[in-house]
Structure formats: structure tokens, C-alpha cells
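The values are calculated or read from the model by the stated rules, or taken from the named source; none is laboratory data. Bear in mind that the values here come from a model prediction, so they are computed numbers and not experimental data. So basically every Cβ, Gly included, is an ideal-geometry build from the backbone, and we count neighbours across all protein chains shown.
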Amino acid sequence: IAYAQRGEYEKCAEESFDCVMCGACSSRCPAGISHPQVALLARRLTGKYLTPESEHLLRRVKEVEEGKYTDAIEALKEKTVDELKKLYDARVIEK
């Protein structure tokens, strides 16, 4: 909370990373601060305004907008739930 009060949103987001947002601290806070909401705001501000844009993400968004994956998405939409589950189970997980 102190980091957020000082405007250190990146540090606030970093320190709140392990928070599971259960709200236990909020229920005991004499100032009535909702700690999970402060942490979430810090994370969102950091992601939106403080973290540099990812070049590979920008390239992928452009590919999607240009329709590169339209056929693949349409093919997935036609599959049954069981077929989708099989595809999911057989996926290659990057390490």
C-alpha cells in the first residue's frame, strides 16, 4: 500500500505478485483499504503504461488483424468439445 501511496506502481505490482487476492488483509485494515484492489490497479497501470510493448506481441496482433488465423479459428469452431479436448491434450508445451 505504501508503494502505491508514493506512486511506485511498478514496485507495488512486483511486491503484490504472490498475493492471491483473498481479502484477509482488507478485513483487518483499520483504514478500510481494499488491498487486492490496490494491487490489481498497480498491476494494470504497470502493464498498460510502464512496461514496454512486446515486439512479438505487436507482430502477432498484426497477423491476427490481417486474417492469418481466420481459417484455423473457423476450423476450431466447427469441432466438437471432445475433439477440442483431444487437441488440447496433444498440444506441444514450450519450455
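A few remarks follow.
- Enumeration of residues in the stretch 64-85 that are surrounded by 11 or more Cβ atoms within 10 Å (Cβ to Cβ) and either among the charged types (D, E, K, R) or within 30 Å of E8 (Cβ to Cβ) (or both): K68, K79, E83, K85
- First in the stretch 31-59 and without any contact (Cβ under 8 Å) to a residue 12 or more places away in the chain, second anywhere and surrounded by 15 or more Cβ atoms within 10 Å (Cβ to Cβ), Cβ under 6 Å, 6 or more apart: S34/S26
- Taken over the stretch 9-21, the residue count meeting the criterion of being more than 13 Å from R44 (Cα to Cα) and either at pLDDT 95 or above or touching a Leu at 6+ places or on another chain (Cβ under 6 Å) (or both) is 1.
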